[in-house]
Every structure is written in C-alpha cells, then in structure tokens.
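Remarks on the structure that follows.
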Amino acid sequence: MRKFFPFLVFTMAAMVVLSCNQRPAATGKTAADILGSPDYLAISYGGYRNNTRDIQPTIPQLKEDMKILSAMGIRIVRTYNVHFDEAANLLEAIRQMKEETPGFEMYVMLGAWIDCKNAWTALPDRIRNEESPRNATEIARAVELTRQYPDIVKIIAVGNEAMVHWAWDYYVEPTIILKWVNHLQNLKKEGELPAALWITSSDNYAAWGGGGSEYHLEDLNKLIKAVYYISMHTYPMHETHYNPAFWGIPEEQEALSDMEKIDAAMSRARDYAIVQYDSVVAYIKSIGVDKPVHIGETGWATFSNEQYGDTGSRATDEYKSARFYHLMREWTNASGISCFYFEAFDEPWKSAANPLGSENHFGLINIQTQAKYVIWDLVDAGLFDGLTRDGKPITKSFNGDSIALMQLVKIPPTLKEIRDRL
C-alpha cells in the first residue's frame, strides 16, 4: 500500500482543487421562474427588533419571521447588505427550515451595499466616480454567501439607491455599479457562481432613466444592458410632500364623501407609481433594450410626525397604507411584475432619534407584533395561528377596532390648499 500513497495524495489534492473550482450547484426554482409570478410574492425584509443594529437578530428569531412571511404567501425576501451577521444568519435559518420541512420555499434577493469614496464622513466632498474600499469586501462576501447557499440566493443586487442623486451621503456614478455587475457576470462565466443567478442593481426610477436627462449617461445605458432585469423603486408616499400635484383633491371631487376622497387619492397614488414604472420602461426601450422591469421597492408608512403626517400631506395612517398595498399587489400581480413591498416588519433602528418618524413605520407588522390593518383579514383567517414573534402571538393593531383606527384617518388636502402652501 505504501508505494501507492503519493498517488493517492495527489489524486485527493486534485479532487479538492476541482471541487473548489466547480460551479456552485443551485437547485429548485430560478430567478426566471419566480420573478413576476403571483405565486411568489416578494417583500423587503429586515429582522431587527431594537433601535440599533448592534443587536443582530438570531437564527431562531429569523426562523420565526420566515414562518410568518410564509404564512402570508411570501416566497422571496430582499436584503440590503452583507456586512452584518443578519444576512448570513437569514440564509442559514432558511437552509435549516428547508431541511426541517421538505417543500418549504423561501428565496433571497441578496443585497450588496455600495458607497462612494468619503461616504458617511465629515469630509466636505463625496467623490462620486471613486468608491469606498469597503465595496470590494461587500461584493466578496455576497459571492461567498451565494456560493454557500446557491439554492436560496437567486438574485444579487449591487447597491441600493446607490445612483440616485438625493442619496447625498453615498451615491456613486453608474460606472461603479457597472464595474461590480460586470465582475459578477464574469464570475458566472468562469463557473464561480450559479449559471441561473440573476444580477441587478436596485434604484429609484429616476436613476434608471425615468427621471431627468442628468441621469441619461452612457454608463447607465451600459449598466441597463449588463443587468438581467431592472429593479426600480417608486414611492408615491414621499411624493405627497415633494411633488403633491397628484395627491391633492381636485375641485371636481370636493363633493365626494370623505371615504371616496381618500380612496380616490390612493388610486391616484397607484397610478402615479405606474407612470414612474412606465417612464423606466420607455427609457430602456429608447436605447434599444427589452428586458423585465420589476419593482424593487415601494411602500407606504402608517405613521409620521414629519411632512407626511397630520401637519403635512396627511398621507400616513393604516387605512391608506392598506389601500396602497392592495392596489399595488393587484396591479403588479395582474401585470406579471414582482413587487418587493417595503417592508415586512417595522424596524425602529431606521430613525432611532425620532421614534415617530415615518422610516420606523413601513412594516406590515409593528414592533409589538401586531398585524396592521392591511393584513387583519389574514389574522381572521387563522393564518398566524400557532405562530409567534419573540414569544408574542400575532394580534391586530387597535385591538381590531376599525372605528378607532378610522378616527385617525385624515382627508388629503385639496389642490387649492397645496397651491396656497407653495
């Protein structure tokens, strides 16, 4: 036996090298199968329970959340970065759940955060065509996790609102996003990533060409051609303050009942989102591209002590949030568009200094584990029976009292009121 030992060592070493270079084996559905299918509802997800991200959600907590989302019909969750433990813990939680419950399905659009040079610093200048050194680490970790969980990670999104100019603290020029998209596409060609993995970037509709001409750069056009699909964001709720012409009650509707005025305003909000979606489709077609456009983010906060609340556009409450959710789901499901609704659970870290700020109140379930009005019907149907979050069962906000809820719902301002404010 001894004389064959060197040969065996060589053979085993060769097998290890081949194994390391083999393409990760992806199983189950692909991005092409699930995106656009109403059977695979999508949502934006963060599992943070506290007002800081220093406390990472545990695997048992993440498994609780995935059971809740699965009961709601969610089959795809979107994450935003990989530099905390949350993303890796989530993937491991899903892997365990698939092992424990054959047939359990949950897929991930894995986000890799991208910053410009000098982002989030006190330095006076952000260098938009140069990048943070952290970006390479972020991409490498996203690749590592995708290779480790190829049957769960179906999409990598390079950057989140990383090109839109109002993201002043960190936005980059499209050339930076293009660089990393091409890098990931090359890794696919080299067999380092699954063949069916889709690569995109997720950004505001304007940054995808649906806004002003300042975004219509050649590198953006190259990026549009390099990604598998466009992941665009649309937020009519924010526009109720920044561009409220669609939001105000027109003169011809002033005789409607209060509820009719509110419902009409929410329909206009949905139509406004469709206009932004169509503007992106029109732009990519204008440069000779025909590929899917899905909604990477949209949502409607349920509370705000800022410009969207009672002293501002009067847009935020649980009734309006529910109307927008259902209107968007109805439109996107009927149109073959995936909609990563923002978001699954309230996350108090987002605006820790202002607990009543809108950023803390976009979830379908609040931090007290109460289902907001939008999914009261799911509570009534018993879909959450036996499920808990941090030991608490899923109950209804307002203790299920719709009269108490509606007392907080304000009518949008008239167009005249809006004009008088400007």
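The values are calculated or read from the model by the stated rules, or taken from the named source; none is laboratory data. From a predicted model like this one, the values you see are computed outputs, not experimental measurements. Cβ atoms come from the backbone with ideal geometry, glycine included; neighbour counts cover every protein chain shown. These area figures cover heavy atoms from the full protein model, side chains too; ligands, DNA and RNA do not enter into them. Shrake-Rupley method; radii C 1.70, N 1.55, O 1.52, S 1.80 Å.
Within segment 404-418, residues that are open to solvent by less than 30 Å² (accessible area, probe 1.4 Å) reach partners that are part of a helix (DSSP H, G or I) and of a type in the set (Val, Ile, Thr) with beta carbons closer than 8 Å, at six or more positions or on different chains, in the pairs Val409/Ile262; Pro412/Thr240; Pro412/Ile262. Across segment 134-158, which residue is farthest from Ser201 (Cα to Cα) among those that are of a type in the set (S, T, N, Q) and open to solvent by less than 60 Å² (accessible area, probe 1.4 Å)? That would be Thr146. Filtering segment 369-397 to residues that are open to solvent by 70 Å² or more (accessible area, probe 1.4 Å) and at positive phi leaves Gly386, Asp390.
With respect to (1) touching a residue at least 24 places away in the same chain (Cβ under 8 Å); (2) within 16 Å of Asn51 (Cα to Cα), the lone exception for Ala344 is condition (2).
For beta carbons closer than 6 Å, sequence separation of 6+ or different chains, a first residue in segment 105-125 that is under 21 Å from Gly47 (Cα atoms) and open to solvent by less than 80 Å² (accessible area, probe 1.4 Å) and a second that is assigned to a loop (DSSP other than H, G, I, E, B) and not hydrophobic (A, V, I, L, M, F, W, C), the qualifying pairs are Leu110/Thr79; Gly111/Thr79; Gly111/Tyr80; Gly111/Asn81; Trp113/Asn81.
Within the option set Glu192, Glu131, being open to solvent by 10 Å² or more (accessible area, probe 1.4 Å), more than 27 Å from Glu214 (Cβ to Cβ) and modelled with pLDDT of 95 or more holds for one residue only, Glu192. Among residues of segment 271-280 being out of contact with any Pro (no Cβ under 7 Å at 6 or more places or on another chain) and crowded, with 19+ Cβ neighbours inside 10 Å, the one that is farthest from Trp300 (Cα to Cα) is Val280.
Contact annotation: residue pairs with Cβ atoms under 7 Å, 6 or more positions apart or on different chains, pairing a residue in segment 259-283 that is under 19 Å from Thr332 (Cα atoms) with a partner that is small (Gly, Ala, Ser) and crowded, with 19+ Cβ neighbours inside 10 Å, are Gln276/Gly210; Ser279/Gly210; Val280/Gly209; Val280/Gly210. Answer yes or no: is there a residue in segment 159-177 that is out of contact with any His (no Cβ under 9 Å at 6 or more places or on another chain) and over 29 Å from Tyr277 (Cβ atoms). For segment 159-177, residues out of contact with any His (no Cβ under 9 Å at 6 or more places or on another chain) and over 29 Å from Tyr277 (Cβ atoms): absent.
Within segment 304-325, one or more residues are at negative phi and modelled with pLDDT under 95. Within segment 205-240, restricting attention to residues that are in contact (Cβ under 8 Å) with a residue 40 or more places away in the chain and acidic (Asp, Glu), the residue that is most open to solvent (accessible area, probe 1.4 Å) is Glu214. Restricted to segment 311-334, and to residues there that are part of a loop (DSSP other than H, G, I, E, B) and charged (D, E, K, R), the residue that is most open to solvent (accessible area, probe 1.4 Å) is Arg314. Could you tell me whether segment 86-94 includes any residue that is at pLDDT 95 or above, farther than 21 Å from His294 by Cβ and open to solvent by 50 Å² or more (accessible area, probe 1.4 Å)? No, there is no match, as no residue in segment 86-94 is at pLDDT 95 or above, farther than 21 Å from His294 by Cβ and open to solvent by 50 Å² or more (accessible area, probe 1.4 Å).
Listed conditions (1) open to solvent by 50 Å² or more (accessible area, probe 1.4 Å); (2) part of a loop (DSSP other than H, G, I, E, B); (3) within 30 Å of Asn204 (Cβ to Cβ); (4) among the charged types (D, E, K, R) are all met by Glu359, apart from (2). When residues of segment 36-53 are filtered for being open to solvent by 20 Å² or more (accessible area, probe 1.4 Å), farther than 23 Å from Glu144 by Cα and not aromatic (Phe, Trp, Tyr), how many remain? Within segment 36-53, residues that are open to solvent by 20 Å² or more (accessible area, probe 1.4 Å), farther than 23 Å from Glu144 by Cα and not aromatic (Phe, Trp, Tyr) number 8.
Please find, within segment 141-190, the residue that is farthest from Pro124 (Cα to Cα) out of those that are among the acidic types (Asp, Glu) and assigned to a loop (DSSP other than H, G, I, E, B). Taking the candidates together, the pick is Asp151.
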